[in-house]
Every structure is written in C-alpha cells, then in structure tokens.
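Take a look at the structure set out below.
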C-alpha cells in the first residue's frame, strides 16, 4: 500500500481528525477554499449518520444519543469495525466487509460527512489529478503543456512516467495521508496500463479520466481501512498470501462501488473539484448505509 503500519486508533476524547491536518482542513470546518463544499464539514443533519454501539452496526447508543458529529471520538470507535473485518478475513464474505466499512465510517470516523471532510485531501488529490490529465489532453495550461513536452522527450517507461506524473500533481508533503494518496493515484494510473499497455496518459477521454479519479478515491478509502483496521491482519494467524487475496478482493469490491457512484455523478458535467467531492461523500454515504 505504501503507508507504514496500521493505527491503534484514537483514544477516547481524542479528535476525529489526524493531528497532521491543519485547522483549516480539519473535519469540523467546511468554509476553506480547499474544503469539502455543500456542507460536508458536518452539521446538525449528520446526527443520524453515526451513533452505533460497539455491539452492532447501525445500532443507536442506548440513550438514543449520537456521537457522529461530536468534536472528539468515542471510546473503542473502531472495535466493531475490526470485529467485522476479522469476520471477513475468516470467510464472512462481502456482508462482513460491508459491516466493517459501515462501522468504520459511521462510528470510527464520525459519520459520512465528517469522514468526507477528514478525507478532503483524497477528494482534492483526485480532483488535481483529473484536472491535470484534462489540461494535458486539451493544452489549456501552458505549464502543463511544457511539462508534458519534457516528459515525452525523456521517453520514460510506464512506471517512471506514473511516478513523475504523481510527483508533479501531488508533491510529497510527508504525512501518512499524503503518502497514501500518492500511492492510490499511482495504482489507479497503473491500472490503465494493465488494461491497455499502449495507452497515452496525455490523451485520455473524459470517461477514462473519471475512472482514474474514481479508482484513486477507492484506493485511498481502502488505504484508510488498512490504516485503521489493519491490526486485524496483524493479530490473526493467517497465511500472508491469503491475506493479500482478501485485500485484493476488498479493493476490487470498493473500486466497483465507487465506479458506480462516479457514473452517477460524472455525467452531470461537474468540474473535477466538485466531482471528486461529490463522489467521495456519496461513496461514504453508501458505505454508512450498507
């Protein structure tokens, strides 16, 4: 995946958002220019998004209250998600995988809107990649055109071209989220070459660009699951090869779900930024309702 190791999860009373997110990109704020538009930063309407107990997905807390829009995380917020992931790795199938994703989004990340705001860099990175690929194709940005000309003259291999493109669009910042996103984008671009080794990344169709954006988002969502729930892999005594097969199945399943969401939004002619924000939020809403 590229990220280092799984997280032990935030302790009770810790913020939902990781410490490397600056205040203007934290989950509670939706007003910044780089933030998630249309109220994604959370609000009273999100009260119905979270509120499950550690015991069962979707179950409200005993007193009927809900922590999904609270500023700080509840205790054992990933416990049920890890239990469901353990069930999935034990052969529980996609029902258990959906339960893990639902619990992670609803309780572990505070509901889909807060989760989308926390993962706003995911949307921003997918949007930047889509915008860059469109500009490379259309010649609408001279700096992008100049960069493409230099890269073409270098006659790079597919792998090296992907690395250079990701580096250009997403400069390394050093955080776990940034590393995860860069790997998600590289994997998405690599899948294009798997389907068509002769493909030209700088002449992609809108549909292909949308697919790259969707797979980048899907891959980063899976990376988030690996990071938050990955202790499950470490604690279970499964054959490493079998674990990788399950992780591959998880990524393919999540990718198929995000592609469906992208197809629903991509035909509306939204610009890359708003499109990626809408797709990420809609995806997390789907996961929270599984």
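For region 64-86, enumerate the residues that are assigned to a loop (DSSP other than H, G, I, E, B), out of contact with any strand residue (DSSP E or B) (no Cβ under 9 Å at 6 or more places or on another chain) and modelled with pLDDT of 50 or more.
Within region 64-86, 70, 74, 75, 76, 77, 78 meet the criteria.
Restricting attention to region 86-108, report how many residues are farther than 15 Å from residue 282 by Cα and crowded, with 24+ Cβ neighbours inside 10 Å. Outline the logic, then answer.
First, the residues of region 86-108 that are farther than 15 Å from residue 282 by Cα: 86-100, 103-104, 107-108.
With the extra rule that they be crowded, with 24+ Cβ neighbours inside 10 Å, the set shrinks to 100, 103-104, 107-108.
Residues in region 86-108 being farther than 15 Å from residue 282 by Cα and crowded, with 24+ Cβ neighbours inside 10 Å: 5 in total.
Tell me the helices (runs of 4 or more DSSP H) entirely within region 176-246 that contain at least 1 residues that are more than 30 Å from residue 83 (Cβ to Cβ) and in contact with a helix residue (DSSP H, G or I) (Cβ under 7 Å, 6 or more places away or on another chain). Even if it seems obvious, please write down each step before you answer.
Values: elements: 176-195, 206-229, 231-235.
Hits in region 176-246: 176-195, 206-229.
Look at region 241-279 and say how many of its residues are modelled with pLDDT under 90 and farther than 12 Å from residue 89 by Cβ.
7
Quick check, is residue 274 surrounded by fewer than 19 Cβ atoms within 10 Å (Cβ to Cβ) and either in contact (Cβ under 8 Å) with a residue 60 or more places away in the chain or closer than 16 Å to residue 191 by Cα (or both)? Write out each step before concluding.
Details: surrounded by fewer than 19 Cβ atoms within 10 Å (Cβ to Cβ): yes; either in contact (Cβ under 8 Å) with a residue 60 or more places away in the chain or closer than 16 Å to residue 191 by Cα (or both): yes.
Answer is yes for this residue.
The values are calculated or read from the model by the stated rules, or taken from the named source; none is laboratory data. All values reported here derive from a predicted model rather than from experimental measurement. Note that we place each Cβ from the backbone using ideal geometry, even for glycine, and neighbour counts take in every protein chain shown.
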